[in-house]
Every structure is written in C-alpha cells, then in structure tokens.
1. List the helices (runs of 4 or more DSSP H) inside region B:1-113, counting only whole elements, that have at least 3 residues being under 28 Å from residue A:113 (Cα atoms), aliphatic (A, V, I, L, M) and within 15 Å of DNA strand C (Cβ to nearest atom).
2. Please work out which residue is farthest from residue A:74 (Cα to Cα), limiting yourself to region A:137-152 and to residues that are more than 7 Å from every other protein chain (Cβ to nearest Cβ) and either touching a residue at least 12 places away in the same chain (Cβ under 8 Å) or aromatic (Phe, Trp, Tyr) (or both).
3. So residue B:64 passes all but one of these: (1) in the same structural domain as residue B:150 (by TED's automatic domain parsing); (2) in contact (Cβ under 8 Å) with a residue 12 or more places away in the chain. Which condition number does it fail?
4. Taking the condition out of contact with any Gly (no Cβ under 7 Å at 6 or more places or on another chain) and touching a residue at least 12 places away in the same chain (Cβ under 8 Å), does residue B:5 pass?
5. Where the second residue is assigned to a loop (DSSP other than H, G, I, E, B) and the first is touching a residue at least 24 places away in the same chain (Cβ under 8 Å) and lies in region A:20-49, which pairs have Cβ atoms under 6 Å and are six or more apart or on separate chains?
6. Name the residue that is nearest to DNA strand D (Cβ to nearest atom), counting only residues in region B:15-61 that are more than 12 Å from residue B:104 (Cα to Cα) and touching a Phe, Trp or Tyr at 6+ places or on another chain (Cβ under 7 Å).
7. Do we have residue A:122 as at pLDDT 95 or above, within 11 Å of another protein chain (Cβ to nearest Cβ) and within 21 Å of residue A:61 (Cα to Cα) here?
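The values are calculated or read from the model by the stated rules, or taken from the named source; none is laboratory data. Note that the structure is a prediction, hence the values are computed from the model and not measured. Using ideal geometry, Cβ is built from the backbone for each residue, glycine included, and neighbour counts are taken over all protein chains shown.
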Protein chains: 2
Amino acid sequence: MGRWEPNARGRLADAALDLYIERGYEQTTVAEIARRAGLTERTFFRHFADKREVLFGGSDALREHLVDAVTGAPESAAPIDAIAAAVESVGVLFQERRESALRRQAVIAANAELLERELIKLAALSAALAGALRRRGVPEPAASLAAEAGIAVFKISFERWIGDPGEPDLSRLVRESFHELKAVTAGA
Amino acid sequence: MGRWEPNARGRLADAALDLYIERGYEQTTVAEIARRAGLTERTFFRHFADKREVLFGGSDALREHLVDAVTGAPESAAPIDAIAAAVESVGVLFQERRESALRRQAVIAANAELLERELIKLAALSAALAGALRRRGVPEPAASLAAEAGIAVFKISFERWIGDPGEPDLSRLVRESFHELKAVTAGA
DNA sequence: ACCCTGATGACAGTCGCTGACATCGGTGCT
DNA sequence: AGCACCGATGTCAGCGACTGTCATCAGGGT
C-alpha cells in the first residue's frame, strides 16, 4: 500500500459536500474540510483551485459529453436539433444520479458565490457547444445563439426537475422545453 | 461645504476602474483604490459589497429599465416581441456611452471573477424579465424561456458590438440577432 | 545501495472582508 | 445660544481564503 490513503481528491470532495450540507457553505472553513479528509488545508488547494471548485469536478466530463454528442449528430441534423439531442442525452446522465444532484443543487442554490460559479460553468458549456457547431460549418451568430438557447433550455428544465419530486424524467422536460422555445420564438 | 469631499461612492468607482485598467484587477488592492479616492479601505466596503461590485453600479437601473419596457409594451404584443423591444431599447442606452462600455468590458473580460459577477447580473436581468412577463399573464416555462432568449441575444449582440469598432448600432445588432434566433429555433 | 519523483506537511505572509468602537461636523430642537 | 442626536468616516483587531517556499519521505527505476 502507498504512503498515503488513496483518493485524496475524492475524500476532499466528499468531506466538502457533507460539511456544506451540515453547516452551510460559508460556515465551513477549508481547514475543516481538510481535517475531515485527513489532510491539510494546503493539500486541499493543490487539488482544487478554490473553495467552490470542489463542487464542480464533473463539469469537464459534461462538456466533453455535450461536444461529442453534437459532433456525432447526423450531418443532416439542423443546428438546433443537434443541440437538442445533445442536451437531451445529458438529461439521461443526471437521471441516474438524481439524489446526488439534489443534494449538490441544494447547496449551490443557497449561496450566491456558488451560483456564480455554476453560471460560468454553464457559459463554458455554451461556448463549447458553439465551437462544436462551428466545426460542423454553422456560422456565427447562429452557432452561439443555438448553443445559448440549448443551455437556457437545460437550465430551466433542470430547475423544474429539481423542484418537482414527482417528475423523474429530465429528458422529457428538456424535450418539452425545446418545443416550448420554438413556440415562444415563433412570435405572434 | 460638508465635512467631507462629496460623492465618495463615485470617487471610489472612478479610482477603481482607473486602477483596474492601469494594473489589472488582481494586482489592485482595495486599500489602493481607497487611497486614490482619499478614503480608507473600510469606507470602500461601506459603499460596495466587495471588490467586484464597484464595476456593476448601473445594473439596478438597467433592470428597472428592462422591466418598465416589458411592462409598458402593448397588451397585444407577443412575449418574445415585448422582450425584443425591451432589449432593443437598452441598446440605445449603451450606444450613448460606447467608450465607457468599452473600457469597462475590457476589464471584465480579462478576469474570470469579474465574468462570474457579470453572468449573475445577467441572470438577475433574465429573472426580472421573466417576472415582468408573468405579470402580463405569460405562463411558465414560456416566460423564463423568452427572458433567457432575450438575454442570450443581448449577450451575443453586445459582444459583437464591443468587438467591432466599425459597428456603432447596438440596437440593429440586437434586432438582427433576434431575427437570427427565430430562424435558428425554427429548425430544419 | 542510490537517486529521483511526486504527493504531502509546515510555515509565513498577503489580501479580502467584517465587527466594534471612536470621532466630529451638521442638523434640528428647545 | 446651547444641546442632543445623527450619519459618514476613521481606527483597529481579527478571521479566513489563498499562495510561495522549503522540508519530508515512501516507492520506483537504475
């Protein structure tokens, strides 16, 4: 066995989420997180850029998943449909971890700093989607508009999914919201 | 005359923007800002919640302007058209202060923390727009979708306006982007 | 045996931000 | 005039997030 307990990063992330739920984000110090994980404060900052980032470990994988989905959409698919398919497929991922998503989102929604971080992660997803569309030959500003629309749909669908205990199907909400968006933007 | 120089808040905001431009946001300490304004660090934090907020003083007025525009739109206007008119009218406001907007945006774009703050301000605008639509009888999720779409259009139009020295007309960019959004969401 | 690498600890220091209390012109009341 | 009060600011102490730097030391390769 190694010199240290394995998976320091994971232990830090678990300890952080637990403490954020127990006492709230602001009332938790990084030193406490590190102590619960059996490490020091300095080591926390070697694994995470700051106290918020510990909650957003999965966002890189999410971005890759979205980009792959757009890239892999049939060539014939319209930009908005490639985006819709990608966002819908993300819905399936979250459905498998609803409880975990609920806990995490409760912490984030309770704190403005964490909301800011969440928003910039969503903006990064939007930028990545727009890039994937451009690589498919979609010009600007259509690429960015389709990407932003997709992220907006996801954001709204996700909020509804989190807020409604009786709704297990995030993908369905995403599909409905896209449909609703088409109706809304069609105008009068 | 009063006991102190007038307009402490304005002096602080001016000093902050100047220093952020001169040395960069991170390289500027709050103590330096306060000193340049002839005040103390403690007084800075009595006027602004944190070091970033000093750049976002106008966002309340902007929110009120948008809400008023949506509220004042003709009853017959479709939700997306009420939003479009509101966002377009904001374009006019910015056109009058293009130089100031350019300086401010250069600082914000150079720093991730400031970008986060900007995004949460935009999210607040979106929430306010959605609320104004709901008061007009627009149900959810249509209200939030239209509001998010409007903010997305504004964001993209604003970026293009800032980035293109030869384009003086932000309102026109907004109008074109709305048109483009309709085309994009119409799908294949 | 040897060295080297990589994850961690230890420690000092900067800076954002807050709470508590003091200061003192200006304002209004008597 | 005299006085009490108010409100914007100053002063000071302190916490906690984050960083730079150097030390430590098991494990792997040579």
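1. On the way: elements: B:8-23, B:30-36, B:41-47, B:59-71, B:79-95, B:98-109.
Correct list: B:8-23, B:30-36.
2. A:151
3. (2)
4. no
5. Every condition considered, the pairs that remain are A:20/A:28; A:25/A:111.
6. Checking each candidate, the answer is B:34.
7. Values: at pLDDT 95 or above: yes; within 11 Å of another protein chain (Cβ to nearest Cβ): yes; within 21 Å of residue A:61 (Cα to Cα): yes.
Yes; evaluated as a whole, the condition is true for this residue.
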